[in-house]
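The values are calculated or read from the model by the stated rules, or taken from the named source; none is laboratory data. The shown structure was predicted, so the numbers you read here are calculated from the model rather than taken from an experiment. Here the Cβ positions follow ideal geometry from the backbone for every residue, glycine too, while neighbour counts run over all protein chains shown.
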């Protein structure tokens, strides 16, 4: 029998205990992997926000606790637009309000004239008309959630808007929401002359590092946002989620480790005489160690695989909520599953350490006499 | 095989338990030659099992010296290797793993012998056939009779072809017929393989089948006996 099979057979001795322990581990791994998927996907969404409309970078208010709190002025927009390397600077105002069953329906206020410079591929209809105040462009997912088609009307903030176009950018955040005339959004948000973000398209050949550095130097109150690492300058949400993810991973390792230790200690205690026999027939301490650690690692790997499958099921299941679909398009990258695996192995090693040492230190003769 | 060569040399061995309150061995001295079949007898508590455990390096003496093939066990770095390669052990209560088949049990010591999976399997089958259990290879110990279990234990003890076979009351838990069968098997293995067989028993009838009978009392060897060759015609 291969050594691996011997380890596997040992786990099958107490099937219920093995099953319950693996299940306990898998729940921890589910949390770690699911949170990893959600965090990664939200980062991807956040990165998409920074490059909405095909912008090279976005500009927000430095130090904002949340992106939606970012407040920029027309003067700042004009200053940015005045840089010779800037081809277009487009100010947008973000708003959130209930629409249908989605309590956080994203509304992007944008000058209709700017839409020709803001890459918004229309699936049907047309862009917002210049001067129109009651027209709306719906993202494909937003239209689907609201059950609206071209020519229908949408109620937002006690106003009625006519759907004049439906677009699809591939950005889950944009596609789940709508675009409206900037002046209308500024009016119902009572933010006249204010923006949330400025999207910048630079002229071809521009050194973006140099340009963003100059903008930030001249305007310390502005944060230029090109990558997800810049995102923390205007929104601590992602950083908080990263920290929570790390904390939960440690917690999963600790709690899982206690569970595995309990199982492995019981397994070693029950098999004390057997370990004595193995030592008596010449098994080295290292092989006993390999067997105990092997059992623990195999147990945790089973938990990691089951946990990862549950995490995929869970992250697909939460998409039934429209609000989640507006912000989240789950991305299953190898990193999140590797993290689950690493947590599983860490749990296995932590949990097996004490029982393995105990098994290795058994005196063969005392173990054989053990009843 | 040199039947005059001393393979086990036990000199003045002392072993106590419970912080010196129980004296299991109290200056035991004994020599055993290569290929000999020695029976160690004595009343319960005389130290015969302790002596065999010390020879098997399952435990260490408090004082005195045990040398196997001229090497002091106390100076031996890797006792696991010694137990795996030099010694085969058969206990009164068979030491088989209940969840494994007979063949898988016989393979257990072979994991340390760096044999391939196929070699381990073939050798285990050969050993089981040698003890008359070739057709019970896939049967777990729980479904074997006491005598069959002890024969599997003997096959397990021979897994790594040890030159030294130590049996501690191997028939103690068997009826007389099964006990006789196990004893015959041990005797034939000793003769055919030329292994040195040290058998601990309190049963003088079983001891009588050995080439030499060693008598112990109160932790000492009181009569080292003589082998048939030493006794002369």
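Quick notes on this structure:
- Failed item, numbered, when residue B:136 is tested on (1) surrounded by fewer than 22 Cβ atoms within 10 Å (Cβ to Cβ); (2) out of contact with any helix residue (DSSP H, G or I) (no Cβ under 6 Å at 6 or more places or on another chain): (2)
- Any hit, region B:161-173, residues being assigned to a loop (DSSP other than H, G, I, E, B), surrounded by fewer than 18 Cβ atoms within 10 Å (Cβ to Cβ) and either more than 14 Å from chain A (Cβ to nearest Cβ) or modelled with pLDDT under 90 (or both): yes
- Unique match (being in contact with a helix residue (DSSP H, G or I) (Cβ under 8 Å, 6 or more places away or on another chain), surrounded by 16 or more Cβ atoms within 10 Å (Cβ to Cβ) and at pLDDT 90 or above) among B:198, B:182, B:214: B:198
- Residue check for residue B:57: closer than 18 Å to residue B:168 by Cα and either in contact with a strand residue (DSSP E or B) (Cβ under 7 Å, 6 or more places away or on another chain) or facing chain A (nearest Cβ under 9 Å) (or both): yes
- Residue A:252 vs. criteria in a helix (DSSP H, G or I), within 20 Å of residue A:339 (Cβ to Cβ), more than 14 Å from chain B (Cβ to nearest Cβ) and modelled with pLDDT of 85 or more: no
- Screening region B:69-104 for residues that are assigned to a strand (DSSP E or B) and buried (at least 20 other Cβ atoms within 10 Å of the Cβ) and picking the one that is farthest from the other protein chains (Cβ to nearest Cβ) gives B:90.
- Residue A:364 within 12 Å of another protein chain (Cβ to nearest Cβ), at pLDDT below 90 and touching a helix residue (DSSP H, G or I) at 6+ places or on another chain (Cβ under 7 Å): yes
- Residues in region A:278-309 that are away from every other protein chain (no Cβ under 14 Å) and either at positive phi or more than 28 Å from the chain's Cα centre (by Cα) (or both): A:292, A:293, A:296, A:298.
- Any hit, region A:66-88, residues being on the phi > 0 side of the Ramachandran plot and in contact (Cβ under 8 Å) with a residue 24 or more places away in the chain: no
- Test for residue A:182: is it closer than 30 Å to residue A:330 by Cα, surrounded by 15 or more Cβ atoms within 10 Å (Cβ to Cβ) and not assigned by TED's automatic domain parsing to the domain that holds residue A:329: no
- Test: residue in region B:149-159 that is in contact with a strand residue (DSSP E or B) (Cβ under 6 Å, 6 or more places away or on another chain) and more than 22 Å from residue B:122 (Cα to Cα): no
- Selected residue (only one of A:338, A:365 is surrounded by fewer than 23 Cβ atoms within 10 Å (Cβ to Cβ) and touching a residue at least 24 places away in the same chain (Cβ under 8 Å)): A:365
- Residue match in region B:32-46 (condition: touching a residue at least 12 places away in the same chain (Cβ under 8 Å), farther than 24 Å from residue B:190 by Cβ and within 14 Å of chain A (Cβ to nearest Cβ)): no
- Any hit, region B:105-118, residues being more than 12 Å from every other protein chain (Cβ to nearest Cβ) and free of Cβ contacts under 8 Å to residues at least 60 places away in the same chain: no
- Qualifying position, being modelled with pLDDT of 90 or more and either within 14 Å of chain A (Cβ to nearest Cβ) or in a loop (DSSP other than H, G, I, E, B) (or both), among B:52, B:66, B:10: B:52
- Flag for residue B:188 being more than 24 Å from residue B:7 (Cβ to Cβ) and surrounded by fewer than 19 Cβ atoms within 10 Å (Cβ to Cβ): no
- Of all residues in region A:1-17, those satisfying the criterion of being in a helix (DSSP H, G or I) and within 13 Å of chain B (Cβ to nearest Cβ) are A:3, A:4, A:5, A:6, A:7, A:8, A:9, A:10, A:11, A:12, A:13, A:15.
- Subset of region A:291-332 [at pLDDT 90 or above and within 30 Å of residue A:175 (Cα to Cα)]: A:308, A:309, A:310, A:311, A:312, A:313, A:314, A:315, A:316, A:317, A:332
- Exactly one residue among A:331, A:274 is buried (at least 20 other Cβ atoms within 10 Å of the Cβ), touching a helix residue (DSSP H, G or I) at 6+ places or on another chain (Cβ under 9 Å) and either within 14 Å of chain B (Cβ to nearest Cβ) or not in a helix (DSSP H, G or I) (or both), and that residue is A:274.
Conditions tested, residue by residue: (1) over 30 Å from residue A:13 (Cβ atoms); (2) in contact with a helix residue (DSSP H, G or I) (Cβ under 7 Å, 6 or more places away or on another chain); (3) surrounded by 15 or more Cβ atoms within 10 Å (Cβ to Cβ).
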residue	(1), (2), (3)
A:213	yes, no, no
A:239	yes, no, no
A:249	yes, yes, yes
A:253	no, yes, yes
A:259	no, yes, yes
A:263	no, yes, yes
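- Residue match in region B:22-38 (condition: more than 15 Å from residue B:164 (Cα to Cα) and not in a strand (DSSP E or B)): no
Per-residue answers, yes or no, for (1) free of Cβ contacts under 8 Å to residues at least 24 places away in the same chain; (2) within 30 Å of residue B:56 (Cβ to Cβ):
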| residue | (1), (2) |
| --- | --- |
| A:241 | no, no |
| A:248 | no, no |
| A:266 | no, yes |
| A:275 | no, yes |
| A:284 | yes, yes |
| A:295 | no, yes |
| A:302 | no, no |
| A:310 | no, no |
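- Checked against the criterion of being farther than 28 Å from residue A:61 by Cα, at pLDDT 95 or above and either assigned to a loop (DSSP other than H, G, I, E, B) or touching a strand residue (DSSP E or B) at 6+ places or on another chain (Cβ under 6 Å) (or both), the candidates A:166, A:136 yield just one match: A:166.
- Residues within region A:30-82 that are crowded, with 20+ Cβ neighbours inside 10 Å, assigned to a strand (DSSP E or B) and more than 22 Å from the chain's Cα centre (by Cα), tallied: 3
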